[in-house]
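Engineer: The following block contains the structure, expressed as structure tokens.
The values are calculated or read from the model by the stated rules, or taken from the named source; none is laboratory data. Predicted, not measured: the structure shown is a model, and the values here were computed from it. When we count neighbours, we look across all protein chains shown, and the Cβ atoms used for this are built from the backbone with ideal geometry, even at glycine.
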Amino acid sequence: MPYRSEIRFLLNDREVSTSKVGSDDTLLDFLRIDRRLTGTKEGCAEGDCGACTVLVGRLADGAVRYQAVNACIRFLASLDGCHVVTVEHLSGPDGLMHPVQRAMIEHHGSQCGFCTPGFVMSLYALWMENPDPSETEIESALQGNLCRCTGYEPIIRAAKAISGYGHPAQDVLNTERDRIVARLAELMDGGRVEVTNGESHAILPADVDDLAAILNENPDATMVAGATDVGLWVTKFLRSISPAVFIGHLDEMNRIETGDDAILVGAGASYSAAEDALCDEYPHLREYWDRIAGWQIRNMGTIGGNIANGSPIGDCPPVLIALDATVTLRRGEERRVMALEKFFIAYGKQDLRPGEFVERITVPRAGEGQIHAAYKISKRRDEDISSVAAGLRLTVMDGVITDARIAFGGMAATPKRAAAAEAALVGAAWSEAAMLAAADALDADFSPLSDWRASAEYRMRVAKNLFRRFWMERSGADAPARLSA
Ligand SMILES: Cc1cc2nc3c(=O)[nH]c(=O)nc-3n(C[C@H](O)[C@H](O)[C@H](O)COP(=O)(O)OP(=O)(O)OC[C@H]3O[C@@H](n4cnc5c(N)ncnc54)[C@H](O)[C@@H]3O)c2cc1C
Ligand code: FES
Ligand code: FES
């Protein structure tokens, strides 16, 4: 197949076109070392601190939407056809400060200043989407930004004040939007892209059929979706991921459709992209979703990646298993569909053949009589990995539990259903006694491990307590105040 051998994207107001790009080259290194755009900082190099936050916009259905992402784990090759906006782009041609910068200065949102460009970029993304955010929305947008000096109060005050200094309609990304859309459209030719830097090779398939063919021919290639896991293999473990196949630009893999019976989520859809479709149907997921990573990682990380990585503590598998989700796996032209819970075979072992990939996740629509919950237990509320995660779906008809699907993460080597707890519930009256019996049955379902995140005893106790919490929240029983916080 003919292919283009250069990556093309917009960086602030300039077009970048470069053929010397390897699979492992990060956007942050490119900005700081190659382009000397040192406003974007490197703190943790693992997506945790937000010092490297930039905006990335991609053309989809004729429009560009900008999202805050972490440049430290964003691979350069994945930016083909995108508009990358760094903090340097904020000052206008007249050199005046941007409303976000003015708000941060006048509300004392910065001390040493190292984190400040990252905060400014997250707040910039928020202000463009929502010029009048609530405190909760501001906190959510800043989950992925860490400041060790100032404390968050002045930054939140600044965030609330930005619109007093200017309106997004006057921002250059909006006044220039038509021109940007036209420039991005010119960059895209819809074909395959292959680039190399030394020994390191990156491939961007033309479409999902091309992806299937490439993986079939190169089963050892590294598939890269949001790079929120793979990025760390490079920045923390110094591993080469070459040859790497990037999928973030593939519309078919990002598509989300709500049908009569099910929500179809392309495996390349990010947490942010899938949020509304899943949480509108299942409102119990809204708070849980906000607890997955921070904003930048939710804009990058994909549902497919969270499943395919096989982690026993990934947040999507337990709640999706409880909702009876299936995965569509594809190798070449061959597809198979399996229940998500069957995909996880053992620790680090998934039912994924060489050259096969997760194409889609299918989540059934909510059914009559169902009661749902999703819980994440972690040391911090925001930006933390689960010690235990749980998804629960009970069907209650005429006061009797007719079906139960309960899945846990963090309790075994894989995300796993609690078969004994489910058996204790089915046929029982919807009652506190039934929930406590199910909690007792967990001893037969799991022998959790101790690690630095949580001890085995803690995991078991907290998992059992979630049944009590579920009953209190869903039955209308008097719950301690903290349960509804
Ligand atoms: C700061 C930070 C915070 C995080 N917080 C959380 C959290 O709170 N909860 C949580 O669950 N996770 C968390 N993660 C982990 C990570 O965000 C998720 O696991 C994410 O969903 C992975 O998706 P990705 O698209 O980034 O995968 P990638 O990094 O691109 O890929 C991960 C693995 O999956 C494979 N892969 C990706 N897509 C497919 C596919 N469609 N088919 C087959 N294989 C595929 C890749 O080859 C690779 O082996 C966090 C990560 C970071 C860096
Ligand atoms: S440097 Fe910390 S998130 Fe990128
Ligand atoms: S101002 Fe110093 S880390 Fe935030």
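Engineer: Going by the structure shown, is GLU217 touching a helix residue (DSSP H, G or I) at 6+ places or on another chain (Cβ under 9 Å) and among the charged types (D, E, K, R)?
Structural biologist: no
Engineer: Let me ask something else. Taking THR228 as meeting all but one of (1) assigned to a loop (DSSP other than H, G, I, E, B); (2) surrounded by fewer than 24 Cβ atoms within 10 Å (Cβ to Cβ); (3) within 14 Å of the chain's Cα centre (by Cα); (4) of a type in the set (Ser, Thr, Tyr), write down the number of the exception.
Structural biologist: The number of the failed condition is (2).
Engineer: Would you mind finding the one in GLY43, GLY47 that is over 20 Å from VAL172 (Cβ atoms), assigned to a loop (DSSP other than H, G, I, E, B) and within 16 Å of ligand 3 (Cβ to nearest atom)?
Structural biologist: Numbers: GLY47 fails: within 16 Å of ligand 3 (Cβ to nearest atom).
That would be GLY43, the only listed residue that is over 20 Å from VAL172 (Cβ atoms), assigned to a loop (DSSP other than H, G, I, E, B) and within 16 Å of ligand 3 (Cβ to nearest atom).
Engineer: Would you be able to say whether some residue in the stretch 196-218 is more than 21 Å from the chain's Cα centre (by Cα) and within 16 Å of ligand 2 (Cβ to nearest atom)?
Structural biologist: no
Engineer: Return the pairs, sorted by first residue and then second, in which the second residue is hydrophobic (A, V, I, L, M, F, W, C) and in a loop (DSSP other than H, G, I, E, B), the first residue lies in the stretch 104-115 and is under 15 Å from GLU42 (Cα atoms), the beta carbons are less than 7 Å apart, and the residues are 6+ apart or on different chains.
Structural biologist: Filtered contacts from the stretch 104-115: CYS112/CYS149; PHE114/ALA51; CYS115/ALA51; CYS115/LEU146; CYS115/CYS147.
Engineer: I'd like the residue in the stretch 31-43 that is touching a residue at least 24 places away in the same chain (Cβ under 8 Å) and out of contact with any Gly (no Cβ under 9 Å at 6 or more places or on another chain) and, out of all such residues, is farthest from ligand 2 (Cβ to nearest atom).
Structural biologist: Within the stretch 31-43, the first condition is being touching a residue at least 24 places away in the same chain (Cβ under 8 Å), and the residues that meet it are 31, 35, 37, 39-43.
Okay, now just the ones that are also out of contact with any Gly (no Cβ under 9 Å at 6 or more places or on another chain), so 35, 37, 39, 42.
Details: ARG35: 17, LEU37: 14, GLY39: 13, GLU42: 5 Å.
Ranking the qualifying residues of the stretch 31-43, first place goes to ARG35.
Engineer: When the residues of the stretch 91-119 are narrowed to those that are at pLDDT below 95 and of a type in the set (A, V, I, L, M), which ends up farthest from ligand 3 (Cβ to nearest atom)?
Structural biologist: LEU96
Engineer: Are there any pairs, at least 6 apart or on different chains, whose C-beta atoms fall under 7 Å, with the first in the stretch 380-396 and farther than 25 Å from ALA429 by Cα and touching a residue at least 40 places away in the same chain (Cβ under 8 Å) and the second within 16 Å of ligand 2 (Cβ to nearest atom) and part of a loop (DSSP other than H, G, I, E, B), and if so, which?
Structural biologist: Between residues of the stretch 380-396 that are farther than 25 Å from ALA429 by Cα and touching a residue at least 40 places away in the same chain (Cβ under 8 Å) and residues that are within 16 Å of ligand 2 (Cβ to nearest atom) and part of a loop (DSSP other than H, G, I, E, B), the close pairs are ASP382/GLN143; ASP382/GLY294; GLU383/ASP48; GLU383/GLN143; GLU383/GLY144; GLU383/ALA293; GLU383/GLY294.
Engineer: When you check VAL208 against the structure, is it modelled with pLDDT of 95 or more, under 26 Å from TRP233 (Cβ atoms), buried (at least 16 other Cβ atoms within 10 Å of the Cβ) and touching a Lys or Arg at 6+ places or on another chain (Cβ under 6 Å), yes or no? Spell out how you get there, then give the answer.
Structural biologist: On the way: modelled with pLDDT of 95 or more: yes; under 26 Å from TRP233 (Cβ atoms): yes; buried (at least 16 other Cβ atoms within 10 Å of the Cβ): yes; touching a Lys or Arg at 6+ places or on another chain (Cβ under 6 Å): no.
So VAL208 does not fit the description; no.
Engineer: Separate question: Return the residue satisfying two criteria in turn: it lies in the stretch 19-34 and is more than 16 Å from ligand 1 (Cβ to nearest atom) and surrounded by 16 or more Cβ atoms within 10 Å (Cβ to Cβ), and of such residues it is farthest from VAL84 (Cα to Cα). Steps first, answer last, please.
Structural biologist: Initial filter on the stretch 19-34 (more than 16 Å from ligand 1 (Cβ to nearest atom)): 19-22, 29-34.
Add one more test, that the residue is surrounded by 16 or more Cβ atoms within 10 Å (Cβ to Cβ), and what stays is 21-22, 29-32.
Working: VAL21: 16, GLY22: 18, ASP29: 14, PHE30: 12, LEU31: 10, ARG32: 14 Å.
Applying the filter and picking the extreme gives GLY22.
Engineer: Kindly indicate the residue of the stretch 298-322 that is among the aliphatic types (A, V, I, L, M), surrounded by 24 or more Cβ atoms within 10 Å (Cβ to Cβ) and more than 20 Å from GLN143 (Cα to Cα) and also nearest to the chain's Cα centre (by Cα) among those meeting that condition.
Structural biologist: Looking at residues that are among the aliphatic types (A, V, I, L, M), surrounded by 24 or more Cβ atoms within 10 Å (Cβ to Cβ) and more than 20 Å from GLN143 (Cα to Cα), I get ILE307.
Engineer: Say whether the condition of being more than 22 Å from the chain's Cα centre (by Cα) and on the phi < 0 side of the Ramachandran plot is met by at least one residue in the stretch 67-87.
Structural biologist: yes
Engineer: Now a separate question. Specify the residue that is nearest to ligand 2 (Cβ to nearest atom); the eligible residues are those in the stretch 235-244 that are surrounded by fewer than 23 Cβ atoms within 10 Å (Cβ to Cβ) and in contact (Cβ under 8 Å) with a residue 12 or more places away in the chain. Steps first, answer last, please.
Structural biologist: Our first condition is that a residue be surrounded by fewer than 23 Cβ atoms within 10 Å (Cβ to Cβ); within the stretch 235-244, this holds for 235-243.
Pick out the ones that are also in contact (Cβ under 8 Å) with a residue 12 or more places away in the chain and you get 235-236, 240-243.
Numbers: THR235: 9, LYS236: 11, SER240: 20, ILE241: 18, SER242: 22, PRO243: 25 Å.
Applying the filter and picking the extreme gives THR235.
Engineer: Those residues that are touching a residue at least 12 places away in the same chain (Cβ under 8 Å) and not in a helix (DSSP H, G or I), I need them from the stretch 450-472; list them, please.
Structural biologist: The answer is ARG453, ALA454.
Engineer: Here is a further query. Out of (1) of a type in the set (A, V, I, L, M); (2) out of contact with any Gly (no Cβ under 6 Å at 6 or more places or on another chain); (3) outside any loop (DSSP other than H, G, I, E, B), the odd one out for ALA412 is which?
Structural biologist: Tallying (1) of a type in the set (A, V, I, L, M); (2) out of contact with any Gly (no Cβ under 6 Å at 6 or more places or on another chain); (3) outside any loop (DSSP other than H, G, I, E, B), ALA412 fails exactly one: (3).
Engineer: Any chance the stretch 255-267 includes a residue that's assigned to a loop (DSSP other than H, G, I, E, B), modelled with pLDDT of 95 or more and crowded, with 21+ Cβ neighbours inside 10 Å?
Structural biologist: Within the stretch 255-267, one or more residues are assigned to a loop (DSSP other than H, G, I, E, B), modelled with pLDDT of 95 or more and crowded, with 21+ Cβ neighbours inside 10 Å.
Engineer: Run ARG360 past the list (1) away from ligand 2 (no atom under 16 Å from the Cβ); (2) in contact with a Phe, Trp or Tyr (Cβ under 8 Å, 6 or more places away or on another chain); (3) among the basic types (Lys, Arg) and report the number of the one that doesn't hold.
Structural biologist: The single condition ARG360 does not satisfy is (2).
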